[in-house]
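So the structure is just underneath, and the comments pick up after that.
The values are calculated or read from the model by the stated rules, or taken from the named source; none is laboratory data. The structure displayed is predicted, hence computed values, not measured ones. All Cβ positions, glycine included, derive from the backbone under ideal geometry; neighbour counts span all protein chains shown.
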Amino acid sequence: MPEFFLPLFFFFFFFFFFFFFFLHSPFFFFFSLFFIHIKIYTYIKKKKKKMINEEQLNERLEELKLSQLPSGIGNSFLKKRLQQDQDSNPPSNYNSDTDEPKPRKRDRQDRVKHEVILDQDFISPTNKPQVSRDDFQPICVLGRGAFGKVFLVKHGKTKELYAMKVLKKASLIVHGKQAQQAKTEREILEAVEHPFIVKLCYAFQTPTELHMLLEYAVGGELFRHLDHEGMFSESMAIFYAAELVLALEHLHSLGIVYRDLKPENCLLDVDGHVVLTDFGLSKVPVDGKTNTICGTAEYMAPEILMGLEYDITVDWWSLGILIYDMMTGSPPFSSNNRKKTIDSILTKKIPMPYYMTAEAKDILSKLLRKNPNARLGSKPKKADAIRRHKFFRSVDWAALERREISPPIVPIVTDPESAENFDPFFTTEVVEGSPGNNDLQAPESNSHFLNFSYVDSSVL
Ligand SMILES: Nc1ncnc2c1ncn2[C@@H]1O[C@H](COP(=O)(O)OP(=O)(O)OP(=O)(O)O)[C@@H](O)[C@H]1O
């Protein structure tokens, strides 16, 4: 009603005003007043509609509880958050209550997978050498995520380096679904074997923590290299995108939706090849569709943000965002305000920089279609349609999969133990002593984490 009365008020106001001054031209006078009335009415309508949209968006944000999700440009956000943590707490160390990690390791021949029986956490069924937290000497912190902290550790006997992801059970249980996600991550890592996906070597638990020992990606985060270069040339972006296409295609063939593609989760190995890590948000949908809300806002597909069912095509959306990020230095939809970011993802067109080639613009516009059914990589051709796109015309896919294409960045590694390709913000963090004995080799007593333990026989 008020939107009707307000224009009416203006109508009478202007009526009397014009009546006195333009008595001699009544036609013009009435026409002007009618026009003004319509204008004011439509303006108020529009404003009200905008307000409703904002309310809906706020409600959506509340539902999504996005404030609890890690931000997209992970490191800068995390650094700020960690800085705040550290202002109030002393630097966390290897045994601290807030720690969490992740790791990796190579060698994919004759890999035998098996669960470790409950009360023999570190012993394989074939009585292979026992592995415990005591066997690994912490060297430094490599990185940190929302629920985990990753340490560089050295195996005391073999001197092999691993990235060890440590998750605190208590915080996982407090955050509900996270306990299941930790198990999912460990199960997926066990099941997956691919040249561009991180390898799980061991998984074990203590009464308070879960540990995953992963192949150490000595080249650090792609994010860090992107940060140094500002942006990548198109040929560099093609190389990393192509290796990721192969990794994602492999996951999809196993029915796994990765859901968390972003530069922070793309690490580089010693040669500079991509190592996809962090499967905490990945999921195996029973019927190919899922609707859990997770991921990183800037990289999240519109259908996830809207709480709709989604499938593997969300990963192709994130690939589009990542290509854009690599070629411009930032994702297309980003702002300091999470609400605005989400609003842009849902409603805005992608701003295409003038310097991008026609092929790049074309693949981006097709990967970043808001309608998942119209997106490149959706059924029926799936990844094949992406591989065949002219953006990737220079790629020899078979050679790429065999790791025969030289990577554009070969990480400088003078001493793998110095973790020189990782952010000093993390690597200079104090890591105190070796783990205590009080909670070692405990049975998997907590029902949330039954059957978490794992030993990859190829590393024994
Ligand atoms: N295999 C690895 N080798 C070297 N560094 C690693 C490895 N795995 C993880 N890291 C480092 O640790 C950081 C955090 O790891 P990860 O993303 O797995 O943690 P997370 O808690 O699951 O994070 P998120 O909050 O993004 O889900 C990575 O960004 C990377 O810098």
Any pair with Cβ under 6 angstrom, 6 or more apart, that starts in the stretch 299-313 at a residue that is over 15 Å from residue 342 (Cβ atoms) and ends at one that is part of a loop (DSSP other than H, G, I, E, B): 309/289; 309/291; 311/288; 311/289; 313/375; 313/377; 313/378
Condition test on residue 205, is it modelled with pLDDT under 90 and near the ligand (Cβ under 10 Å from one of its atoms)? no
Which of (1) more than 19 Å from the chain's Cα centre (by Cα); (2) crowded, with 23+ Cβ neighbours inside 10 Å does residue 214 not meet, given it meets every other one? (1)
Selection from the stretch 204-251 of residues that are assigned to a strand (DSSP E or B), more than 16 Å from residue 276 (Cβ to Cβ) and not aromatic (Phe, Trp, Tyr): 205, 209, 210, 211, 213
Restricting to the stretch 127-153, name every residue that is at pLDDT 85 or above, near the ligand (Cβ under 6 Å from one of its atoms) and either in contact with a Gly (Cβ under 8 Å, 6 or more places away or on another chain) or not in a strand (DSSP E or B) (or both). 150
Let me confirm something: among 410, 395, 430, which residue is surrounded by fewer than 16 Cβ atoms within 10 Å (Cβ to Cβ), β-branched (Val, Ile, Thr) and at pLDDT 90 or above? 410
What do you reckon, is residue 224 buried (at least 18 other Cβ atoms within 10 Å of the Cβ) and at pLDDT 80 or above? yes
Considering only the stretch 374-405, how many residues are touching a residue at least 60 places away in the same chain (Cβ under 8 Å) and either among the hydroxyl-bearing types (Ser, Thr, Tyr) or part of a helix (DSSP H, G or I) (or both)? 10
Report the residue count in the stretch 249-275 for those that are within 14 Å of the ligand (Cβ to nearest atom) and modelled with pLDDT under 90. 8
Does residue 339 qualify as being assigned to a helix (DSSP H, G or I), touching a Leu at 6+ places or on another chain (Cβ under 8 Å) and surrounded by fewer than 17 Cβ atoms within 10 Å (Cβ to Cβ)? yes
Right, residue 192: among the hydrophobic types (A, V, I, L, M, F, W, C) and away from the ligand (no atom under 13 Å from the Cβ) or not? yes
Could you give every pair whose Cβ atoms fall below 9 Å, whose first residue belongs to the stretch 410-436 and is part of a loop (DSSP other than H, G, I, E, B), and whose second residue is more than 16 Å from the ligand (Cβ to nearest atom) and modelled with pLDDT of 90 or more, counting only separations of at least 6 or pairs across chains? 420/414; 434/137
Considering residues of the stretch 158-183 that are part of a helix (DSSP H, G or I) and away from the ligand (no atom under 12 Å from the Cβ) only, the residue modelled with the lowest pLDDT: 174
